[in-house]
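Please read the structure below before turning to the comments.
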Amino acid sequence: SDAQIKQEIRRMMARAMLTALAFIAAAFALSAMLSATVSRPLIELTRAAKSLSRGDFAASTLLRIASQDEIGVLASSFIEMSRDLKASYEQLEEYSRTLEQKVEERTRELHQSLRHVEAANHKIMESIRYATLIQHALLPEMAALKARLPHSFFLWLPRDVVGGDVYFAEFYEDSLMLPLMDCTGHGVPGAFMTMIASSALSRIVKDERCCDPAETLRRLNQIVKSVQHQDQTTTLSDNGLDAAICTINFTQKTLTFAGARLSLFVTQPDGAHHLKGDRQSIGYKRSPVDAAFTNHAIAVERGMTFYLVTDGYIDQIGGAAVSRFGTQRFESLLLDLRGMPIDEQQERLLAALRDHQGAYERLDDVTLIGFHLNHLFVEE
């Protein structure tokens with residue numbers, strides 16, 4: 001009947017509802033189980049990873065994941081990794097503390113060594129500065145020299161604090177001897193050589209009263225070789241010097257020049273030239289003990305200017321072409337300076353050297369002497 005059919009439908013619908021509720025309950029139960037076994041461990045792992053990234057190595061010890069599935073294996077690996085990272089971090093901290101201690105120790109040692117070096121350097125520089133006073137004492141007294149050569153300049157520029165260039169002046173009754181010497185090396189070794197050369201020259205021109213330039217060079221060669229035992233084949237040293245000597249006779253108005261690899265430059269109203277010294281140095285092992293040198297006699301005339309220069313000026317490297325200053329350029333410069341006051345010539349010569357040198361290092365000591373004798377012709 002219709003009533004039975006309707007009743008049966010209601011029973012079927014009730015059973016369907018109960019079945020659906022049972023499935024929903026089962027789904028909720030299954031979801032809770034999955035959350036307990038999957039989601040919660042993943043959340044704990046994520047939280048522990050964040051703590052580990054902040055340096056909290058204890059976070060991994062709070063994990064409570066004991067399952068044997070993939071999540072459990074991942075949790076075990078994470079815990080093991082955390083322990084390894086903690087051990088590495090502690091070891092790194094120990095290395096860092098040890099390194100800091102070593103750096104502090106080395107720094108203290110370096111500071112102590114630096115203080116020792118500075119003290120030693122101070123003593124050395126004090127000695128060298130005192131040596132400068134000694135070397136300056138070898139130079140002629142400028143007031144007396146200017147009294148005999150009023151129109152002159154003496155440019156003495158050691159490359160270091162002391163150097164191997166030195167010049168002298170020996171006064172006689174009516175004449176003046178003006179030697180210039182360029183000794184081996186520069187700095188302290190060069191300064192030692194100037195002492196040897198100065199002593200030998202003093203013996204020749206003061207004690208023996210020799211005023212002949214060529215003869216002075218000959219004797220100087222013999223003495224320097226003998227003092228350093230360079231006249232013997234067994235000696236190991238091989239030091240010497242180049243030199244130029246002018247003897248000016250004020251009464252006769254003459255100048256006598258002799259040189260050992262150094263030249264005398266002369267300018268006059270109609271041009272410029274230079275007298276070359278002999279191609280023979282002084283005192284070296286290869287220098288013959290009986291080497292002779294040549295005198296060049298010049299009759300001084302009004303308008304003549306004389307220059308002596310060491311090779312530190314001529315050989316200085318510089319300029320756009322990175323070349324020597326050179327003899328030709330030096331002579332051309334002297335021609336341009338004709339007629340200028342002698343003090344202005346000194347400034348121009350020094351400026352030309354510095355402009356050519358530029359940023360390049362000075363190679364050698366520089367000495368430059370210039371003078372004219374026009375005052376001898378005032379009464380004419």
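The values are calculated or read from the model by the stated rules, or taken from the named source; none is laboratory data. Just so it is clear, the model here is predicted, and its values are computed rather than measured. All Cβ positions, even for glycine, are placed from backbone atoms using ideal geometry, and neighbour counts span all protein chains on display. What goes into the accessible areas is simple: the full protein's heavy atoms, side chains included, and nothing from ligands, DNA or RNA. Shrake-Rupley method; radii C 1.70, N 1.55, O 1.52, S 1.80 Å.
Does anyone have the angle between helix 327-336 and the longest principal axis of the chain? Alpha-carbon axes, 0 to 90°, nearest 10?
70
For segment 226-290, what does the convex hull of the Cα positions come to per residue, in cubic angstrom?
Looking at segment 226-290, the number lands at 101 Å³ per residue.
What distance in nm separates the two pseudo spin-label positions at ARG108 and ILE124, each 7 Å out from Cα along the beta-carbon direction?
About 2.8 nm separates the two model spin labels.
Could you compute how much accessible surface ASP2 exposes when probed at 1.4 Å, giving the result in Å² to the nearest 10?
Using a 1.4 Å probe on the heavy atoms, I get roughly 110 Å².
Under Stokes-Einstein, with the Kirkwood radius over Cα pairs standing in for Rh, what whole-number D in µm²/s applies to segment 243-380 at 25 °C and 0.890 mPa s?
Working: Rh = 16.3 Å.
D, rounded to a whole number, is 151 µm²/s.
Expressed as a rounded percentage, what relative contact order does segment 251-321 have, with Cα pairs under 8 Å and six or more residues apart?
40 percent.
Near ILE196, within a Cβ-to-Cβ distance under 12 Å, what is the net charge of the other residues, with Lys and Arg +1 and Asp and Glu -1?
Once all neighbours under 12 Å are counted, the net charge is +2.
Using the Kirkwood radius over C-alpha pairs as Rh, can you work out the diffusion coefficient of segment 315-380 via Stokes-Einstein at 25 °C, viscosity 0.890 mPa s, in µm² per second?
183
Would you list, by chain and number, the lysines whose Cα falls below 16 Å from the Cα of LYS6, excluding same-chain residues fewer than 8 positions away?
In chain and number order, there are no partners.
Between the DSSP loop rule and a limit of at most 12 other Cβ atoms within 10 Å, which trypsin sites (Lys or Arg not before Pro) in segment 234-293 are left?
Listed in order of number, the matching sites are ARG279, ARG286.
How much of the DSSP bridge set in the chain is antiparallel, in percent, rounded to the nearest 5? Write down the numbers at each step before the final one.
Working: 47 of 49 bridges.
That works out to approximately 95 percent antiparallel.
Could you state, as a whole-number percent, how many of the C-alpha pairs of the chain are farther apart than 36 Å?
Summing the P(r) of the chain above 36 Å gives 52 percent of all pairs.
In the neighborhood of MET17, defined by Cβ-to-Cβ distances under 13 Å, what is the net charge if each Lys or Arg adds +1 and each Asp or Glu adds -1? Before the final figure, lay out the partial values.
Values: positive: ARG10, ARG11, ARG15; negative: none.
Once positives and negatives cancel, what remains is +3.
Peptides 353-359, 153-159: what's the order by average Cβ count within 10 Å, highest mean first? Working shown, then result.
Values: 353-359: 13.6, 153-159: 19.0.
Most protected by this proxy first, the peptides run 153-159, 353-359.
Over segment 280-362, calculate the relative contact order: mean separation of alpha carbon pairs under 8 Å at least 6 apart, over the residue count, as a percent.
Across segment 280-362, relative contact order equals 28 percent.
Can you give the three extents of the C-alpha atoms in segment 155-270 along their principal axes, from longest to shortest, in whole Å?
That gives 48, 31, 23 Å along the principal axes, largest extent first.
For each pair in LYS146/LYS276; LYS123/LYS206; LYS146/LYS225; LYS123/LYS146; LYS206/LYS253; LYS225/LYS276, compute the distance between the two Cα atoms and list the pairs where it is over 30 Å.
Result: LYS123/LYS206; LYS146/LYS225; LYS123/LYS146 exceed 30 Å.
Positive end of the charge dipole of segment 271-380 (Lys, Arg +1 and Asp, Glu -1 on Cβ, about the Cα centre): tell me which of TYR313, LEU350, ILE369 has its Cα farthest that way.
After comparing all options, I get TYR313.
Could you work out how far helix 187-202 tilts from the main Cα principal axis of the chain, as a 0 to 90 degree angle to the nearest 10?
Once rounded, the angle reads 10 degrees.
Highest mean first, what order results for 218-226, 171-179, 7-15 on Cβ atoms within 10 Å? Spell out each step's value before the answer.
Numbers: 218-226: 21.3, 171-179: 17.1, 7-15: 10.1.
Going by the mean number of other Cβ atoms within 10 Å, highest first, we get 218-226, 171-179, 7-15.
Using helices alone, what [θ] at 222 nm do you get for the chain, with -39,500 (n - 2.57) per DSSP H run of 4 or more residues, divided over all residues and rounded to the nearest 500?
Rounded to the nearest 500, it is -16500 deg cm²/dmol.
So if I place +1 on the C-beta of Lys and Arg and -1 on the C-beta of Asp and Glu, and nothing else carries charge, what would the dipole magnitude of segment 272-380 be about its Cα centre? I want it in debye, nearest 20.
420
Dipole of the chain, Cα-centred, from +1 at each Lys and Arg C-beta and -1 at each Asp and Glu C-beta, to the nearest 20 debye?
Roughly 2020 debye, rounded to the nearest 20.
How high is the relative contact order of the chain, in percent, with contacts defined as C-alpha pairs under 8 Å that are six or more residues apart?
14
When ranked by the protection proxy of mean other Cβ atoms within 10 Å per residue, highest first, what sequence do the peptides 109-116, 145-152, 316-323, 181-188 form?
Highest-to-lowest ranking by the protection proxy: 181-188, 145-152, 316-323, 109-116.
So what is the accessible area of the chain per residue, in Å², with the probe set to 1.4 Å?
Accessible area per residue, the chain: 58 Å².
Taking the Cβ of ILE314 as the center, what net charge do the other residues with Cβ under 12 Å away carry, scoring Lys and Arg +1 and Asp and Glu -1?
Cβ neighbours under 12 Å give a net charge of -3.
At q = 0.15, 0.19, 0.24 Å⁻¹, what base-10 log of I(q)/I(0) does the Debye formula yield for segment 77-146 when every alpha carbon is treated as an equal point scatterer in vacuo?
Relative scattering, expressed as log10 I(q)/I(0), comes to -0.75, -0.87, -0.99.
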